[in-house]
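**Q** Sending over a structure as structure tokens; questions will come in a sec.
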Amino acid sequence: MSEEMSKAYEPSEVESKWYQAWEERGYFHADPNSEKKPYTIVIPPPNVTGILTLGHVLNNT
């Protein structure tokens, strides 16, 4: 017996599980006393199409 894959992404079925796991693992917290070099993303990455959007433009104006 196999389950049919949903035709559309259902975020409510997936994201709550992952968000909780990320919170439990401390992924949203930085260590201000860390010796590591800071890492910053200045603009969001392009969409899967590889094309920048108006959101990218507005972020950088």
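**Q** Return the distance in nm (one decimal) between the two label points of a simple spin-label model at Trp18 and Ser34, each offset 7 Å from Cα along Cα→Cβ.
**A** So the label points at Trp18 and Ser34 sit 2.0 nm apart.
**Q** Continuing with the same structure: Please give every one of the lysines within straight-line cross-link reach of Lys7, meaning a C-alpha to C-alpha distance under 21 Å, and leave out same-chain neighbours fewer than 8 residues apart.
**A** Hits, sequence-local ones excluded: Lys17.
Every number in this text was worked out from the coordinates using simple rules, so none of it is lab data. Just so you know, these numbers come straight off a predicted model, no measurement behind them. Note that we place each Cβ from the backbone using ideal geometry, even for glycine, and neighbour counts take in every protein chain shown.
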